[in-house]
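Enquirer: Sharing a structure below in structure tokens format, with a few things to ask.
Just so it is clear, none of the values below were taken in a lab; they were calculated from the coordinates. Not measured: the values here are computed from a predicted model. Every residue, glycine among them, receives a Cβ derived from its backbone with ideal geometry; neighbour counts consider all protein chains shown.
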Amino acid sequence: MTVDFFAPLVDDPYAYGAIAAANAMSDVYAMGGEVLLAVNVAAFPEDMPGETIARILQGGADKVQEAGGLVAGGHTIIDAEPKFGLSVLGLVHPQKVLTKAGARPGDVLYLTKPLGTGIITTAAMRDQASPEHLQAAVESMTRLNRHASHIAAAVQAHALTDVTGYALLGHGYEMAAASAQTGGRLPGVALRFAASAVPLLDGALEYAGRGIITGGAGRNRKYLAGKVRMAPGVSEALEHVLFDPQTSGGLLMAVAPEKAQDVQARFQAAGLPVWRIGEAVEGEGVEVVA
């Protein structure tokens, strides 16, 4: 059972509803589950047009239907700032739950969506993003992690998490820390990301280079101080993207090295993107190499 909601990231009400729904359901997919039921969690201004509210709710409902679930009502309050999301009930076999713990030294790390949604939507709010860049970000945010989760289960991923508000580096650190505690392994587990292999949405690096970053990225940097080791060859703009909070980001999975070809073949057969971005090694925390 999970819940997630937030204020609008984009102007289009239907896209906003769809993004919020995909983001909320992602927590179920990050544990290998399937969505059963969802209830709307909403706050709208008293003077917001009814047709705008209807489009937000329709965007969310269509995503839940795409996931094979049902919207079973919800609750709405009056608020000056719109907010929308879902509380989602998912189902997973208790012996097949995928968690962020379990990564092992030698595992291969895969990411299923490019980074940069926070930077691009922030640029759009400032009227500094191209329509093409924003549209690509919306398409990424509205793509469900459902089938990517199916593939993670099929290849028996050792660890799985979705990349959202804590950015790739924050969620990577959570995976490393949780995996190090599993079974009391010593000397522990660290995640090593290859910065050059991390996929980026078009425009993200350009806008980051202009200094367009989110407040959440600053909070992530503060939280991860001393937990992330950054190679000197990583540009400041790319650092910004790696710390960038994601909305409805992709899945980060740790997979046994002998399953690497299977992972790539399954994603290719499904017509879904996937990127090999690093490996799990002995140690602790997160390391980013150029």
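Enquirer: Using a simple charge model, +1 on the beta-carbon of Lys and Arg, -1 on the beta-carbon of Asp and Glu, nothing else, what dipole does the range 2-91 show about its Cα centre, in debye to the nearest 20?
Expert: With Lys and Arg at +1 and Asp and Glu at -1, about 240 debye.
Enquirer: Work from the charge dipole of the chain (Cβ charges, +1 for Lys and Arg, -1 for Asp and Glu, about the Cα centre) and give the residue of 109, 283, 204 farthest towards its positive end.
Expert: 283
Enquirer: Additional query: What is the sum of charges around residue 158, taking Lys and Arg as +1, Asp and Glu as -1, for the other residues whose C-beta is under 9 Å from the C-beta of residue 158?
Expert: 0
Enquirer: Considering only DSSP beta bridges where both residues belong to the range 108-289, give the percentage that are antiparallel (nearest 5).
Expert: Antiparallel bridges: around 70 percent, rounded to the nearest 5.
Enquirer: Could you name the aspartates and glutamates in cross-link range of residue 83, using Cα to Cα under 17 Å and dropping any fewer than eight places away on the same chain?
Expert: Reachable aspartates and glutamates: 4, 11, 12, 46, 47, 51.
Enquirer: Quote the relative contact order of the range 108-289 in percent (integer), defining contacts as alpha-carbon pairs under 8 Å separated by 6+ residues.
Expert: 46 percent
Enquirer: What's the exposure ranking of 277, 56, going from fewest to most Cβ atoms within 10 Å?
Expert: 277, 56
Enquirer: Still on this structure, I have one more. Arranged by the count of other C-beta atoms within 10 angstrom, fewest first, what order do 272, 169 take?
Expert: Fewest-to-most ranking of 272, 169: 272, 169.
Enquirer: If neighbour count is taken as other Cβ atoms inside 10 Å, put 117, 112, 76, 2 in order from fewest to most.
Expert: The order, fewest Cβ neighbours first, is 76, 2, 112, 117.
Enquirer: State to the nearest 20 debye the size of the charge dipole of the chain about its Cα centre, where the only charges are +1 on K and R beta carbons and -1 on D and E beta carbons.
Expert: 880 debye
Enquirer: Something else now. Please list, or write none, the lysines whose alpha carbon is within less than 28 Å of the alpha carbon of residue 227, excluding same-chain residues fewer than 8 places away.
Expert: 100, 113
Enquirer: Using packing as a proxy for protection, rank 123-129, 240-246 so that the peptide with the highest average count of other Cβ atoms within 10 Å comes first.
Expert: Per-residue mean Cβ counts within 10 Å order the peptides as 240-246, 123-129.
Enquirer: Further question: Give the long-range amide H neighbours of residue 74: residues separated by 5 or more places, or on another chain, with amide H under 5 Å away, using H modelled in the peptide plane at 1.01 Å from N.
Expert: Amide H to amide H, under 5 Å and 5 or more residues apart or across chains, residue 74 pairs with 40.
Enquirer: Taking amide H positions as placed in the peptide plane 1.01 Å from N, state which residues far from residue 200 in sequence (5 or more) or on other chains have amide H under 5 Å from it.
Expert: 115
Enquirer: Based on the Cβ-Cβ distance of residue 284 and residue 194, what FRET efficiency does E = 1/(1 + (r/R0)^6) give at R0 = 25 Å, to the nearest 0.05?
Expert: 0.85
Enquirer: A further question on this structure: Local charge sum around residue 24 (other residues, Cβ-Cβ under 10 Å, Lys/Arg +1, Asp/Glu -1)?
Expert: For residues surrounding residue 24, the net value is -1.
Enquirer: Tell me the net charge near residue 280. Cut-off is 9 Å between Cβ atoms, residue 280 excluded, with +1 for each Lys or Arg and -1 for each Asp or Glu.
Expert: Computed value for this residue: -1.
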